[in-house]
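What follows is a set of notes on a single structure, which appears directly below.
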Amino acid sequence: MVTAQSEVASQYNVIGTRPIRHDGVDKVTGAAQYGADLQLPGMLYGRVLRSPHAHARIVSIDTSKAAALEGVKSVITNADFPRASDDVIDTGEGSAQLNWLLDNVIASDKALYKGHAIAAVAAVDHHIAEDAIELIEVEYELLPPVLDVRDAMLDTAPKLHDGLKTGEMDGSKSDGDSNTASHLRFAKGDMEAGFADADVVIEREFVTSMAHQGYIEPHNGTAYWRADGTLDVWTSTQGSFVVRDSVAPLVQLSPSQVKVTPMEIGGGFGGKIPVYLEPLAAILSRNTGRPVQLTMNREEVLLATGPTSGTYMRVKMGAKRDGTLTAGEVYLAFEAGAYPGSPVGAGAMCALAPYDIPNQVIDGYDVVVNKPKTAAYRAPGAPQAEFATEAVINELAEQLQIDPLELRLQNAAVEGASRADGFTYGVIGNVECMQAAQDSSHWNSELAGPNQGRGVAQGFWFNIGFESSAYAQVNGDGTVPLVLGSTDIGGTRASIAMQLAETLGISAEEVRPHVVDTNSVGYTQVTGGSRTTFAGGWAAYECAMDIRRQMAERAAQIWEVDAAEVEYGDDAVIRGPADDEGNERSFGFKELAGQLAASGGHIVGRADVNKTSSGPAFATHIVDVEVDPDTGKVDVLRYTAVQDAGTAIHPAYVEGQMQGGAAQGIGMALNEEYYYDESGDLKNASLLDYRMPTALDLPMIEPIIVEVPNPGHPYGVRGVGEVPIIPPAPAIQAAIADAVGLRMNELPISPRAILEATLPEEG
Amino acid sequence: MTTQTSHIVVNTTINGEPTVFLANERDSLLEALRDRIGLTGAKEGCNNGNCGACCVNLDGRIVNSCLVMAAEVEGSEVRTVEGLADGDQLSPLQNAFLEEAALQCGICTPGFLVAAEALLEQNPDPSEHEIRYWLAGNLCRCTGYDKIIRAVQLAAGQGQD
């Protein structure tokens, strides 16, 4: 493995190295405690009854037989919850309107998708809980389901919500009820002039299926409602504070009465930000006085959580003969699922983001359908929107007979370029990624056989900052426990601890990171938005600077000199003025740490940061595929992922994000889809039929890390988690076109889709 | 109303320790390991044999413990992720997973370790394709498998060229 230090890393001692993650031993020995591993004395097991129908009015629910079953301690429905307001809460990578959030947790008057929670039970044993939900009798009045975004937007479509109007950006609302919850538009320039300038104009339609985040750990939630009115929640979540602030209003407690302990989390990718089970566990616990644990099975995960939006999209782009892009028109209709809140806004901002195009109009529509409420999924909205725009860029390159990377370089957004939504870029690595791809051995290699093709695509994602907090104390032996609020999905204990270590001048191993509950650390936003290493690292930096200041003050006190004369060096040596005899005075970090207790007490550093200077991330992916003309199966032969990480704090985990994101994007491109029948029944709600890539489906994914440090971060961090899921689908679509001449504009490009496109129709 | 369930005494050996437990007749081996015995290293990812997160070694064979009834393991030897390390000495495979950063969230890791250990017992020098084929029953959603494959190669004495 290549572990040579990068040019950026060479200025640091800890950053850019590959220490073993602090939580590693627990995770290879089975000792790590995930949400479902928690067992509490007297704990009850819960189970959820779910709607078998995609759209139905709930006429009545009779829980009496279930409640009478021996071992059942409580049965609840929506009626057991206080009425929720229409206030909107911030959930990190999105927002949630409380009454819709509650309705999604447990249906009130209507079931809006197959799998919608209807009732929940708590019993002494999970087998009994399973039996009990079978005994709940629900009378439904079936309503016609609306399953496709285009159908849902028709005036004649059945409406999911009474009183839902289309909101415009200026605050106006449609007169009549609609399934289109909102419309947004970003525009700049003059479209008519832009297209008039073009020598070539391409307009295409695109359709993508809903796809699931596919974390291997199902959702879980455990709650204990104490007699004093305080509530403890344990859950595998990306955001313990978001869980606290979501659960509290739904059960009419103040957030200060709720303590959320984040357990280890078995993947999230955005899908473990919303609450599903935690409010149910809370009410079941209140009713029984005992801790209650709920877990989902895989079918429930696929039916009722996640996914990302299915979409219908149109893209029209114009270019001059020399390759200059003159205009881009993008129409995005995103399925929100059963309640408003698709990521269409982010998709709209990302759609043309890698390019400097003078004339743009981007329209986005957020549309409810009788499918599960969508949740954030890795760069929410961007994989769909950029699939459509990148596919058109690749087709333009072909028509103009310009190399697709050259066309991108010619039009690349650089510092000072602005998007249609008004954002102007600072220092970005867009061009650097394209150039690194051009220089890669992959791009300069030859394809080896028939039915093989190569594709390339670019990706953009914002990355976000926001609030993070850190505490650290200095132990007498010079080790530093670091207290964090960010749940560690993929090595962030290590990447944050490394930034504390770098700042203090000690080793990564001397820092001991701990993720703690909401009462034990300052407010920390979700692990999401590629923000954790950025904002958590910044908090760690500030926390370390606080320790440096206090250590210098303590040395000054011990030496009886003015603190202004003492300096904490980057080598972790604290130096003071020479003594009366002219001898240099200094403390090593450990030496001074050992004297803290006796010289006035221990030192605790702390920081709370709330930053908005996150660094945009770009990526360029190259893929080679081979298409089997007999089966329609596409094999990925070779894959290279280039990405600007800003500064790669722990390069192995940066590579891991790039490889994992690429793998999810490959799944989205080739196999993963929500397959509904006309009644709204999801026909592939298992991991056998919802086909995620296995080890056998993928080649090695070669990561090329580009480092264009973010000037808006003490160590140049940009955030790396999300952008790698964006380029795979358009790169693969282009590779298939290169291989067999088919431009497949619907995702996934499954064997069935390829066969349908190639085989003559049966007579 | 009452549910009809009975309980069964099961004698088995788990990670080398003779173990007697009381199983609900409806318990899978996975449920028994986690809920009755307190070994929560094996994880439930799908409960129908598609993800491999619950992989354990049953009498030398890799099984999805969600598909084995607890009562079936009477007289058997079961090895779980908790049995891979020798006291505080991690196995070469466990060390290789840490060195190669072969896990992100870690939920699939116990299953991968148990499955990969069985591979290396049968085939100490597997090719990349053989590793991918053997591990195709274990889903990982975080890593794209690269670093897992490299970790198995490292533990097998490869990957150090």
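Annotations
- Exercise: per-residue mean of other protein chain Cβ atoms within 10 Å, B:107-114: 5
- For q = 0.09 Å⁻¹, Debye-computed log10 I/I(0) when each Cα of the protein assembly as shown counts as one equal scatterer: -0.95
- The string of couplings for region A:501-514 from the Karplus curve (6.51, -1.76, 1.60, θ = phi - 60°) is 4, 4, 5, 7, x, 10, 8, 4, 5, 7, 9, 10, x, 9 Hz, one whole number per residue in order, with x for Gly and Pro.
- Projecting label points 7 angstrom from Cα along Cα→Cβ for residue A:580 and residue B:8 puts them 8.7 nm apart.
- Residue with peak Gaussian network fluctuation, chain B [Cα springs, cutoff 10 Å], from B:139, B:84, B:98: B:98
- Per-residue average of Cβ from other chains inside 10 Å of A:212-224: 4
- Amide H contacts under 5 Å for residue B:28: B:70, restricted to partners 5 or more places along the chain or on a different chain, H placed in the peptide plane at 1.01 Å from N.
- Per-peptide average of other Cβ atoms within 10 Å, ordering A:664-673, A:154-163 highest first: A:664-673, A:154-163
- The gain in end-to-end length when the residue A:756 to residue A:570 segment is fully stretched comes to 60.6 nm, 0.36 nm per residue minus the alpha carbon separation.
- Per DSSP, loop GluC sites (Glu not before Pro) in region A:166-218 with at most 14 further Cβ within 10 Å: A:168
- Gained length - residue A:409 relative to residue A:67, 0.36 nm times residue gap less alpha-carbon distance: 116.5 nm
- Area of residue A:73 that stays accessible when all protein chains are in place (1.4 Å probe, Å², to 10): 100 Å²
- In chain A, the portion of solvent-accessible area held by carbon and sulfur atoms comes to 46 percent [1.4 Å probe, whole percent, DNA, RNA and ligands not counted].
- Tail fraction, Cα-Cα pairs, region A:20-129, threshold 16 Å, whole percent: 70 percent
- Using a Förster distance of 51 Å, the FRET efficiency for residue B:127-residue A:226 (Cβ separation, nearest 0.05): 0.35
- Here, chain B has an Rg and a Dmax of 16.4, 67 Å when only alpha carbons are counted.
- J(HN,Hα) series, region A:559-566, from Karplus relation 6.51 cos²θ - 1.76 cosθ + 1.60, nearest Hz, glycine and proline x: 7, 6, 10, 6, 4, 5, 8, 10
- For region A:342-448: rounded, prolate or oblate by the Cα gyration tensor [a/c cutoff 1.5]: prolate
- Alpha-carbon Debye profile of region A:315-355, log10 I(q)/I(0) at 0.23, 0.33 Å⁻¹: -0.80, -1.13
- Helix-derived mean residue ellipticity, 222 nm - over the protein assembly as shown, DSSP H n ≥ 4, -39500 (n - 2.57), to 500: -7500 deg cm²/dmol
- Per-residue mean of C-beta atoms belonging to partner chains within 10 Å, peptide A:685-695: 6
- Region A:530-593: projected area of the alpha-carbon convex hull, averaged over directions, in nm²: 4.7 nm²
- Paramagnetic reach from residue A:398 in region A:585-627 [backbone N under 17 Å; point 7 Å along Cα→Cβ]: A:623-627
- For region A:563-604 versus region A:360-390, the gap between their alpha-carbon centres in whole angstrom: 55 Å
- Ligands, DNA and RNA excluded, the heavy atoms of residue A:241 present near 0 Å² of accessible surface to a 1.4 Å solvent probe.
- Antiparallel content of DSSP bridges confined to chain B, in %, to 5: 90 percent
- Unit Cα scatterers, Debye sum, region B:7-80: log10 I(q)/I(0) for q = 0.20 Å⁻¹: -0.73
- Two-decimal Rg to Rh for region B:92-155 - Kirkwood Rh, Cα set: 0.90
- The apolar share of the surface of region B:68-135, taken as the fraction of accessible area on carbon and sulfur atoms (1.4 Å probe, ligands and nucleic acids excluded), comes to 47 percent.
- For region A:124-229, the Rg and Dmax computed from alpha carbons only, in angstrom: 23.8, 74
- Within the protein assembly as shown, DSSP assigns beta bridges of which about 75% are antiparallel (rounded to the nearest 5).
- Between residue B:86 and residue A:196, the modelled labels are 8.2 nm apart [label points 7 Å from Cα along Cα→Cβ].
- Cβ-Cβ distance of residue A:633 and residue A:108, R₀ of 45 Å, FRET efficiency by 1/(1 + (r/R0)^6): the value works out to about 0.50.
- Put the Cα centre of region A:649-674 next to the Cα centre of region A:408-480 and the gap is 14 Å.
- Measuring with a 1.4 angstrom probe and ignoring ligands and nucleic acids, residue B:46 comes out at about 10 Å² accessible.
- Residues in region A:471-499 reached by a label modelled at residue A:610 [backbone nitrogen below 20 Å; 7 Å Cα→Cβ]: A:471, A:484-487
- Taking amide H as placed 1.01 Å from N in the peptide plane, the amide H of residue B:19 sits under 5 Å from that of B:12, B:13, B:14, each at least 5 places away or on another chain.
The values are calculated or read from the model by the stated rules, or taken from the named source; none is laboratory data. This is a predicted model, so every value here is computed, not measured. For neighbour counting, all protein chains shown are included, and Cβ atoms are generated from backbone atoms with ideal geometry for every residue, glycine included. For accessibility, only protein heavy atoms count, side chains too; no ligands or nucleic acids. Shrake-Rupley method; radii C 1.70, N 1.55, O 1.52, S 1.80 Å.
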